[in-house]
């Protein structure tokens with residue numbers, strides 16, 4: 001089995017200079033309940049195992065630098081990153097610098113990887129329901145627009161890959177989640193199916209697609225996985241509680 005089998009490589013027509021991958025949960029050294037390729041230091045795993053897993057990821061993917069890890073707080077905060085190792089509180093990062101690796105960690109929340117079609121900009125987004133409702137996707141795209149010129153200020157000049165998240169058959173939510181999204185945009189109602197007097201099933205992929213459409217993004221890929229159901233491939237916080245994380249990574253190659 002190739003070491004690359006530990007990664008999900010998006011099937012999308014990104015420019016040749018764009019590197020992108022999401023880690024799967026096997027191929028690393030972490031012990032249960034983090035088995036085995038856990039790159040997250042904040043979940044209670046043995047730090048030495050996590051660092052060995054991060055080294056494996058960097059080596060196999062031939063990353064040009066260590067990924068810029070974020071202190072994710074389920075917010076709408078987006079930061080521009082260069083070559084810095086400072087841990088910053090944010091749920092999305094973007095860059096136009098070569099060889100800077102944007103990264104987010106997820107285990108049911110939705111990771112989005114974004115690049116401009118000219119290959120000059122990349123971004124990684126962590127979208128749990130709170131961040132998604134607060135506008136983390138819109139904030140990220142608007143930050144990219146503001147840091148670009150000409151046609152790249154239009155959503156149609158970006159492509160997005162929706163990484164593995166909890167699927168629409170498993171994401172059970174209460175009325176507060178429904179109301180947060182429907183009050184934001186009535187079109188979001190179609191992403192919810194009522195299953196009891198107080199519970200709905202939410203399609204986080206559909207909610208992201210609706211948000212992206214409002215920004216003019218037409219090229220959207222992925223969005224087929226379910227972290228909750230596909231236990232062999234993915235970590236799921238909602239399924240297991242104490243567990244690892246997948247890393248979704250994007251960078252511009254030199």
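Scanning segment 137-170 for residues that are under 13 Å from residue 204 (Cα atoms) and assigned to a helix (DSSP H, G or I) returns a single hit, 137. Scanning segment 98-136 for residues that are outside any loop (DSSP other than H, G, I, E, B) and more than 11 Å from the chain's Cα centre (by Cα) yields 101, 115, 116, 122, 129, 130, 131, 132, 133, 134, 136. A search for C-beta distances below 9 Å between a residue of segment 15-37 that is without any contact (Cβ under 8 Å) to a residue 40 or more places away in the chain and any residue that is in a strand (DSSP E or B) and surrounded by 20 or more Cβ atoms within 10 Å (Cβ to Cβ), counting only pairs 6+ apart in sequence or on different chains, returns 27/7. The conditions of being in a loop (DSSP other than H, G, I, E, B) and under 26 Å from residue 142 (Cα atoms) are not met by residue 64.
Considering the conditions (1) at pLDDT below 95; (2) touching a helix residue (DSSP H, G or I) at 6+ places or on another chain (Cβ under 9 Å); (3) surrounded by 15 or more Cβ atoms within 10 Å (Cβ to Cβ), residue 151 is excluded by exactly one of them, (3). Restricting attention to segment 202-254 and to residues that are assigned to a strand (DSSP E or B) and in contact with a helix residue (DSSP H, G or I) (Cβ under 9 Å, 6 or more places away or on another chain), the residue that is farthest from residue 61 (Cα to Cα) turns out to be 202. In segment 232-252, the residues that are under 28 Å from residue 99 (Cβ atoms) form Cβ pairs under 8 Å with partners that are modelled with pLDDT of 95 or more and in a helix (DSSP H, G or I), at six or more places apart or across chains, as follows: 247/57; 249/57.
The values are calculated or read from the model by the stated rules, or taken from the named source; none is laboratory data. Note that the structure is predicted; figures quoted are calculated from it, not measured. Using ideal geometry, Cβ is built from the backbone for each residue, glycine included, and neighbour counts are taken over all protein chains shown.
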